[in-house]
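Worksheet for the structure shown next.
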Amino acid sequence: MTPSANPPDRKQENIASLPALVSKGWQWLFFQGGPLREKVVRGGVWLVMGDVFNRAAGLVKLAVLGRLLAPHDFGLLGIAMVILNAIRYFTETGFNASLIQRAGDIRPYLNTAWTVQILRSTGVALTLALAAPLGAWFFDNSAATAVIRVVGIVTLINGFTNPSVVYLRKELDLRREVFWKMPGAVAGLAAAVVFGFWFRNVWALVISVIAAQAVETALSFRVVPYRPRMQLDWEKARELFRFGRWIFWFNIVGFFGLYTDSLATAKLLGATALGFYQVTAQLSTLPTTQIAMHLRGVMFPAFAQLQKSRDLRRIFLKTLEALAWVVIPLGTFLSIFAKPIVWLLLGPKWMSITPVLQVLAWAGVGTALASIANPLLMGIGVPNLAVRNSVLKVAILSCLIYPLAVRLGIFGVALALTSATLAATVYNFGLVVRVLEADWWQLVKGFRGGIMGSMPFLIAGFVRLGPWTWVEIPAAALAVAAYLAMLLPALKSHLAPRKVEESTGSGSVAEA
């Protein structure tokens with residue numbers, strides 16, 4: 001009897017195929033075509049990679065400057081940025097969102113959009129230069145005057161950004177957007193480190209912000225081969241503003257939702273308290289709000305294309321499920337391991353912000369979850385509902401923030417913001433249920449994965465003994481490893497294409 005050939009070594013086969021898998025994955029990331037679902041997933045992957053890079057640069061910047069500068073320095077920049085963003089939000093045209101939502105060729109509108117953008121940014125910079133003493137008086141901090149004036153340069157530079165970069169979002173070409181913005185983050189980090197050691201005051205922060213914006217604006221003319229020119233067509237401007245006016249009102253209300261906490265902290269508690277609060281916000285809410293911002297950017301054009309599709313509800317619910325797997329465990333992690341996070345990143349002088357971080361983490365979770373609802377409402381053409389939700393958040397926040405801030409300091413501010421955010425998020429999902437003709441149980445099922453993913457962190461939190469010790473660091477690492485072991489198979493199963501039967505005459509099978 002002839003002996004049979006040895007079966008192939010499965011392990012060697014897997015090793016041999018690994019380079020091919022890596023190469024295939026790399027080609028998929030750089031591929032431009034494919035169906036909308038594939039473009040959305042690919043765009044999301046690129047945004048996650050870009051965000052990881054930017055967050056790493058931001059954390060290094062915060063870790064360096066947190067040890068070189070005083071909380072008062074962060075508070076001075078915080079005052080200037082609150083005033084800058086107030087004027088920017090109150091003068092937002094909504095043209096970019098209108099260009100993304102508009103069907104057909106948008107090239108005839110680009111010159112008008114760029115001209116209005118430059119006029120607006122110039123006006124904002126001049127207003128800041130003239131109103132800086134008034135802003136410093138309002139916050140009772142004369143040192144903020146010069147900072148407010150110089151920060152106006154940021155919006156002036158931003159106004160000259162190439163308007164054609166809107167194509168990157170409209171066409172879901174997020175790879176080029178990531179490559180466009182990464183050098184700006186590097187420039188900001190480099191400027192922060194160099195001038196942080198040189199000046200050791202607020203000007204290191206200001207120069208860092210200006211450097212990042214200057215590099216980003218300059219590279220916008222390289223990432224998309226289009227050279228705009230000054231041209232103002234009033235008819236085209238009116239067309240863009242018909243949709244953009246809702247973005248204008250959304251931003252007006254959104255400003256108060258985003259900055260009422262900082263305004264109240266600076267006015268009631270002072271610049272030093274604002275510095276503590278805003279650094280805490282960077283640690284607690286930025287990871288989730290960055291996810292929210294990027295998800296909003298990729299889902300708004302996707303929902304705009306899917307607004308008449310029968311798959312709209314299913315895609316929304318599946319996206320919510322994937323988002324919950326990420327943001328709910330992240331909020332749990334930040335709450336439970338707040339002390340070692342603050343100690344390692346900022347040092348012992350910042351330990352008083354630990355309870356504030358624990359509360360604000362859930363404001364970030366609420367913001368991230370709402371980031372999928374608002375793009376849906378705007379993408380299907382009912383932005384007025386998104387505005388209504390923002391009004392509710394501002395109303396609740398306005399009622400809570402003064403008594404809580406006066407009584408509990410920045411912890412009270414964090415408690416007010418988190419309460420308002422979570423209440424508005426629940427209301428927002430109620431609007432989505434109505435628009436999609438879904439039911440609440442379908443929505444609640446989307447959070448199951450996020451609750452499961454939080455279990456390793458909850459278990460680690462329950463088993464720890466006594467006050468914070470260095471033992472929490474390996475405990476956190478083990479919890480993260482357990483979470484990733486649950487997350488990766490879940491997302492792989494979630495994103496894998498599946499086949500369903502279409503109710504067609506031929507009974508053919510189509511990809512869902």
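Against the conditions (1) at pLDDT below 65; (2) assigned to a helix (DSSP H, G or I); (3) more than 30 Å from residue 116 (Cα to Cα); (4) not hydrophobic (A, V, I, L, M, F, W, C), residue 309 satisfies every one except (2). Residues that are assigned by TED's automatic domain parsing to the domain that holds residue 73, out of contact with any strand residue (DSSP E or B) (no Cβ under 7 Å at 6 or more places or on another chain) and within 22 Å of residue 119 (Cβ to Cβ) are absent from region 184-196.
Here is a yes/no grid of residues against (1) over 19 Å from residue 255 (Cα atoms); (2) part of a loop (DSSP other than H, G, I, E, B):
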residue: 74; (1), (2): yes, no
residue: 79; (1), (2): no, no
residue: 96; (1), (2): no, no
residue: 134; (1), (2): yes, no
residue: 137; (1), (2): yes, no
residue: 142; (1), (2): yes, yes
residue: 146; (1), (2): yes, no
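Per the conditions (1) in contact (Cβ under 8 Å) with a residue 40 or more places away in the chain; (2) out of contact with any Gly (no Cβ under 8 Å at 6 or more places or on another chain), the sole criterion not satisfied by residue 194 is (1).
Restrict the check to region 75-92 and report whether at least one residue is within 22 Å of residue 177 (Cα to Cα), at pLDDT below 75 and not assigned by TED's automatic domain parsing to the domain that holds residue 315. Among the residues of region 75-92, at least one is within 22 Å of residue 177 (Cα to Cα), at pLDDT below 75 and not assigned by TED's automatic domain parsing to the domain that holds residue 315, which makes the answer yes. The numbered conditions (1) within 19 Å of residue 79 (Cα to Cα); (2) touching a Phe, Trp or Tyr at 6+ places or on another chain (Cβ under 8 Å); (3) modelled with pLDDT of 75 or more are all true for residue 230 except (1). Could you please find all residues in region 187-228 being among the charged types (D, E, K, R) and crowded, with 20+ Cβ neighbours inside 10 Å? If the condition is that a residue be among the charged types (D, E, K, R) and crowded, with 20+ Cβ neighbours inside 10 Å, then 216 is the only one that fits. Of the helices (runs of 4 or more DSSP H) that lie entirely inside region 406-512, those containing 2 or more residues that are among the hydrophobic types (A, V, I, L, M, F, W, C), at pLDDT below 80 and over 30 Å from residue 338 (Cβ atoms) span 410-436. Which residue pairs have Cβ atoms under 8 Å apart, sit 6 or more places apart or on different chains, and have a first residue in region 142-168 that is free of Cβ contacts under 8 Å to residues at least 12 places away in the same chain and a second that is surrounded by 22 or more Cβ atoms within 10 Å (Cβ to Cβ) and hydrophobic (A, V, I, L, M, F, W, C)? Filtered contacts from region 142-168: 142/136.
The values are calculated or read from the model by the stated rules, or taken from the named source; none is laboratory data. On a predicted model such as this, the values are computed, not experimentally measured, just so you know. Here the Cβ is made from the backbone with ideal geometry for all residues, glycine too, and neighbour counts use every protein chain on show.
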